[in-house]
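Reading through the structure tokens given below for one structure.
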Amino acid sequence: MALFDFLRPKDEPATQRERRGIRKLVRNYAGANQGRLFADFIASSFSADSELKTNLPILRDRSRDLARNNEYAKRFLNLIKTNVVGEKGFSIQVRARNNDRTLDAAGNTIIENAFGAWGRMGNCEVSGRMSWLDCQRFAAEGMARDGEVFVKKIRNRNFRDGFTLQFLEPDLVDHNKNGRNESNNNEIRMGVELDSFHRPVAYYVLTDHPNDDFTGKVKPRKHTRVPAREIIHVFMPSRTYQTRGEPFMASAIASLKHLAAWREASVVAARASAAKFGIITTPSGDEFVGDDETQDGVDIISFEPASVAQLPAGHNFEMIDPKHPTSNFSEFETAMLRGIASGLNVAYTALSNDLTGVSYSSIRQGAIEERDHYKMLQSFLVQHFCEPVFRAWLDSALDFGNVPIPLNKYDKFADNAMFRGRGFAWVDPMKEINAAVTAINNGLMSMNDVAANYGRDVEELFAQIASDKEMAERYGLKMAFEPFGMKMPAEPDIDGGDDDGDV
């Protein structure tokens, strides 16, 4: 018997005792407490779409505003474009094989060259203003800033290979279009028509931007129902059955705004403190006549630096000296930026450009984690953007006969094409190269692994080395290196020696 069991009524039902035990058990979860310390912790139990329905337009607009006016948000988007897409973007490599399992070198080269020609500026995007590399950067930035990217696939013989892309702003997919399609009873959520398995069937695209006031005329909201097979919708869902994407900066918007406001207030206070201004008081409050007045009609008096002015009798001067910003300015900003960097999944040093106190070990650890995130985004963009575009282009190019390969070979080349993103140089290149050489010599890595780590194709690497050697031979030059294999000491050529090696 417990110590205080005698205080419990003997006729208490067992169910009441069980309920009290359950309530006691529930209170063991500190995160589920309902006390005064959690009174302001209001959580939502709505579905992903229910939360996005009311919040997505605001999140997207604020994210765009930060991208225009906040230096750290701009820096974040530049980090995404630079580290995910990079200087050269995603390179394609086709590795289709013949029936005897040998590489179809001729066919692979034809496909790669044709796709490269289509990707030049003026071909791959409907306006003619972007190249395939520009499209990749545009998609990466749009996904980070707006949370999603809509790309319409257009097949028309007026374009190269009968195919081009058209980027649609997320605002054009009508967020307020909800309900059901009366013809097939499919549900429509935020402009996306879904079947019973929540699979997109169609998108309801506005004919004009809902907030385009360039003409100054209010245009009626008209929709075009675009089948899902013509739309590439790129976004990273965070919950089950999420129909639209949320901006990457969603969790950091509040901190970015507060930090910007605090910095602005600190700058204004610093300017005010440097100006050394004050107020003049009189007993009645209306006897002062200044040298000038403000736009609001307030009398003011100006003092020259290092001067002393005499005020009329009964006038008192009170100096206003703001004590902000204080010495804690840098510490506070650093703490805020670390939290913002964590919310954006980037390194603090990269976001802030602050390398104060950074050691080799710390920057190495931060670089590894940050690059893993970029590699994850690279894989996502390849699967959800690059590959769908390539497959749609290849189908159109073969169908229109612009590529000298039969249409029935589509699967052979489409299923064996891969995109390779940019690689990342190490913090200490010499250590990385030595480690790669050791791994190759011990059979732990292949040349393909090492080349892929730098974002290169090993076949192109071999071809380039062979081309360099051929060019050197053509000009009668001896190369100072011989890659691959064991390096033996060079034997000198001695003029005038006999067969026995005597001089």
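The values are calculated or read from the model by the stated rules, or taken from the named source; none is laboratory data. Keep in mind the model is a prediction, meaning the values are calculated, not measured. For neighbour counting, all protein chains shown are included, and Cβ atoms are generated from backbone atoms with ideal geometry for every residue, glycine included. Accessible surface is based on the protein model in full, side chains and every heavy atom, while ligands, DNA and RNA are left aside. Shrake-Rupley method; radii C 1.70, N 1.55, O 1.52, S 1.80 Å.
The figures follow:
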{"read-out": "Cβ-Cβ under 6 Å pairs, at least 6 apart or on other chains, region 464-480 side within 25 Å of residue 451 (Cα to Cα), far side at pLDDT below 80 and assigned to a loop (DSSP other than H, G, I, E, B)", "value": "472/479"}
{"read-out": "Among the candidates 155, 145, residue that is more than 17 Å from residue 247 (Cβ to Cβ) and touching a helix residue (DSSP H, G or I) at 6+ places or on another chain (Cβ under 6 Å)", "value": "155"}
{"read-out": "Residue pairs meeting the criteria (Cβ under 6 Å; at least 6 apart or on separate chains; first without any contact (Cβ under 8 Å) to a residue 40 or more places away in the chain, in region 224-245; second hydrophobic (A, V, I, L, M, F, W, C))", "value": "224/205; 225/202; 227/202; 228/201; 228/202"}
{"read-out": "Conditions (1) modelled with pLDDT under 95; (2) in contact with a Lys or Arg (Cβ under 7 Å, 6 or more places away or on another chain); number of the one not met by residue 109", "value": "(2)"}
{"read-out": "Residue ID - most open to solvent (accessible area, probe 1.4 Å), chosen from residues in region 343-352 that are in contact (Cβ under 8 Å) with a residue 24 or more places away in the chain and either of a type in the set (Lys, Arg) or part of a loop (DSSP other than H, G, I, E, B) (or both)", "value": "345"}
{"read-out": "Failed criterion for residue 420 (all others in (1) surrounded by fewer than 16 Cβ atoms within 10 Å (Cβ to Cβ); (2) at pLDDT 90 or above hold)", "value": "(1)"}
{"read-out": "Matching option when the condition is at pLDDT below 85 and either open to solvent by 60 Å² or more (accessible area, probe 1.4 Å) or more than 25 Å from residue 378 (Cβ to Cβ) (or both), among 494, 405", "value": "494"}
{"read-out": "Filter result (in a helix (DSSP H, G or I), surrounded by 12 or more Cβ atoms within 10 Å (Cβ to Cβ) and out of contact with any Leu (no Cβ under 8 Å at 6 or more places or on another chain)) within region 439-463", "value": "439, 440, 448, 449, 450, 452, 453, 458, 459, 460, 461, 462"}
{"read-out": "In region 408-417, residue nearest to residue 450 (Cα to Cα) [restricted to those that are in a helix (DSSP H, G or I) and open to solvent by 70 Å² or more (accessible area, probe 1.4 Å)]", "value": "411"}
{"read-out": "Filter result for residue 422 (out of contact with any strand residue (DSSP E or B) (no Cβ under 6 Å at 6 or more places or on another chain), in a loop (DSSP other than H, G, I, E, B), without any contact (Cβ under 8 Å) to a residue 40 or more places away in the chain and closer than 27 Å to residue 106 by Cα)", "value": "no"}
{"read-out": "Filtered residue count, region 151-163, keeping only those that are over 28 Å from residue 219 (Cα atoms), open to solvent by less than 50 Å² (accessible area, probe 1.4 Å) and touching a strand residue (DSSP E or B) at 6+ places or on another chain (Cβ under 8 Å)", "value": "2"}
{"read-out": "Where residue 483 falls short, out of the listed (1) touching a helix residue (DSSP H, G or I) at 6+ places or on another chain (Cβ under 8 Å); (2) at pLDDT below 85; (3) open to solvent by 70 Å² or more (accessible area, probe 1.4 Å)", "value": "(3)"}
{"read-out": "Filtered residues of region 217-260 (kept if in a loop (DSSP other than H, G, I, E, B) and touching a His at 6+ places or on another chain (Cβ under 6 Å))", "value": "241"}
{"read-out": "Residue that is nearest to residue 121 (Cα to Cα) [pool: residues in region 185-213 that are outside any strand (DSSP E or B) and in contact with a strand residue (DSSP E or B) (Cβ under 8 Å, 6 or more places away or on another chain)]", "value": "207"}
{"read-out": "Yes/no for residue 148 being touching a residue at least 12 places away in the same chain (Cβ under 8 Å) and either under 20 Å from residue 238 (Cα atoms) or surrounded by 22 or more Cβ atoms within 10 Å (Cβ to Cβ) (or both)", "value": "yes"}
{"read-out": "Candidates 11, 5, filtered to the one that is open to solvent by less than 80 Å² (accessible area, probe 1.4 Å), farther than 29 Å from residue 252 by Cβ and at pLDDT below 80", "value": "5"}
{"read-out": "Residues (open to solvent by less than 80 Å² (accessible area, probe 1.4 Å) and aromatic (Phe, Trp, Tyr)) located in region 195-240", "value": "203, 204, 235"}
{"read-out": "Residue under evaluation residue 340, criteria (1) assigned to a helix (DSSP H, G or I); (2) over 20 Å from residue 79 (Cβ atoms); (3) open to solvent by less than 70 Å² (accessible area, probe 1.4 Å), criterion not met", "value": "(2)"}
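Conditions (1) in contact with a Gly (Cβ under 6 Å, 6 or more places away or on another chain); (2) within 29 Å of residue 372 (Cβ to Cβ); (3) among the aliphatic types (A, V, I, L, M); (4) surrounded by 15 or more Cβ atoms within 10 Å (Cβ to Cβ), marked per residue:
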{"position": "432", "(1), (2), (3), (4)": "no, yes, no, yes"}
{"position": "437", "(1), (2), (3), (4)": "no, yes, yes, no"}
{"position": "471", "(1), (2), (3), (4)": "no, no, yes, no"}
{"position": "474", "(1), (2), (3), (4)": "no, no, no, no"}
